[in-house]
Structure formats: structure tokens, C-alpha cells
Amino acid sequence: MLHDNFTSPANALFPSMVVLAITNICEFECGHCYHPLYRQQSDFRHCNMSKDIFHKIADELGRFPGSALRFLAWGEPLLHPQIVEFMQYAHCVAPHNPLTLITNGYWLTPEISLSLMQAGLSLVEVSIDAVTAENYNKIRKSHHANALEHIEENIRLMLEKRNYFELKTRIVVSFILHPTEASAREFALFEAKWTGIADEIVKRPAHTFKGTITGTPLPSTRIPCYGLWHRCNINMLGQISVCYQDWENNNVIGDLRNPEITIANVWQGDAFNRLRENQCKGIFEGICSNCQDYNCHAWKNPYEKVVNRC
């Protein structure tokens, strides 16, 4: 895999994946996530992406067939009141682009899941990370009673409706693997439980999640970050940041609220290109300089491969 160049001419014009935070609202207290600390910032306010900004993003996405849209990060996407409407609009204007969603699954009710699948959802990943309710409550820290049981039932009902209505949505479950024997044992049980039920089981190595936990040790020699050549991260306001871990918005390099700014011109612009060129020279600056979340081993099997199997 190329890290010091784009993998295709199309990728040089537009990111292969647009990572989109449509809300910063989440009711969970997951121990591996920065969100609980993010909510403690003095200037934190609940925020949902506006319809106008989302339409601008989806309209541009549709001009670059094959680029994936990924609802992710900074909050639970299903808590955005217009999530189904957004999915419908994106599928209408970007029919040749994979539309994907990552969720904790608690609000993936039969009504919502069917609406999303009928709206054109290509892939949903439900982050579970545990087998037993006891371990789930330690890891995901939900205040909802019987959260794991509720989520598992949501997934099974979604699979039933998908199959009954002959819809095409791929339904996967995921597990964050920590560098411990206990986590390895839990994943073995997780894999056994979901094999033959979910369409795929995604296992990803833990990173530090902005220092929240102890992740997989970083390699001694850094190579350029895969994300700079493949992914564009956009927050609820429509700001484009260098990294999805820029919770403080200190590394914003474009703002889609400006009518003259597009994803493509930021992607091809001087700020991104300077970062790419410097990382090829071994120079890591800004948010990248002290990054503890970067893990080249995880990039050997990037999420794009999961999306491509839709």
C-alpha cells in the first residue's frame, strides 16, 4: 500500500472516504473514547450538523463516484434527528457512493434500521466490544438497563428485516482488541458468538484514543499517515480538520460554511499537500507531532477494505 502517494488519479482529486461527524451528542461513557472528556470542555455545546451543510457535502460527494461517506465520530449518529432524511438525500444525489454508518447500536431500533436500509445505507457497523453484559458495562458504560441485550436484539431484527425485504445493507459488528490476554479471550468468544450471524466481524487494534487508554505500542520508525492520502474529516459545523482526533478544532484547514470552499479544493490545497510532503520527509507537525494514536499496523487493513466488500 502506498503511503507516500495517492493510489489513483481520482484519489488525488478527492478523498476515498469522507468521515463525517453529524452530531456531538452521545449518552454513553465508553472508557476507550475521548467523548466524556470532550464534554467537560468549557466551550462544549450540543451541536447537530445543519441540513444546508450536509446537502453541500452530499452534492459534492456525488460528483466523485466511489468515494465513501462514513457517518462517524464525536457523537452517536443516530441521535441526529434528521439521520434518515440525510441518508435519503445522500443516496439520491450520490447513488454511486457507499454510504456507511458506525453506531453503538442502542438506537438502531427496527423502525430506524429499516428506514435507513430503505434509504440506501450500504453498510452499518455496530461497535460492541464485549460478549457478556458485565464486560460490556465496564467497557461501554451505558446508563441504559440491559443495553447489550437491547443492542443484540436490534441487530438480529435488522438482519431479519434486511433479508425479508431483500435489501442490500451489509451488517457488521466490531471489537476493539486491547493488547491483553483478557481482551484476546473476550474476542475469541465474541467471534464465536457472531460468526454466521453478522455479515462480518471487524477487529481493530486499540490505539490510545487521544491518551484515554493504553493502546498498541507505536512503531519505532514512523511512516506517513494513511489518513492524509485517503480521508477527509468534517465536524458538525462543516469544518475540515487534519485529523478526526482534533476535538479542540485546533487544526482546521477549511470551512464549508464558506460558499467558496469545497472538499476538493481543500483536499488538493496547500495545507494538506504540505503535511503530506513533510511526512514523506519524516517531519511530523501540528497535531501529528505528538500523536500517540497513529498505528501503521492498523493501516495495513484499512476500513476501506470493509466498505469495498459491500
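The values are calculated or read from the model by the stated rules, or taken from the named source; none is laboratory data. These numbers were taken from a predicted model, which means no experiment stands behind them. For the accessible areas, the whole protein counts, side chains as well, though only heavy atoms, and no ligand, DNA or RNA atoms are used. Shrake-Rupley method; radii C 1.70, N 1.55, O 1.52, S 1.80 Å.
Across the chain, Cα-Cα pairs more than 32 Å apart make up 24 percent of the total. Take the chain with all the other protein chains still there, run a 1.4 Å probe, and you get 45 Å² of accessible area per residue.
Per residue of the chain, the DSSP helices (runs of n ≥ 4 H) give a summed -39500 (n - 2.57) that works out to -9500 deg cm²/dmol at 222 nm.
Ligands, DNA and RNA left out, the accessible area of the chain computed with a 1.4 Å probe is 53% carbon and sulfur. For the cross-link pairs K193/K305; K141/K161; K141/K203; K141/K168, the ones whose C-alpha atoms lie over 26 Å apart are K141/K161; K141/K168.
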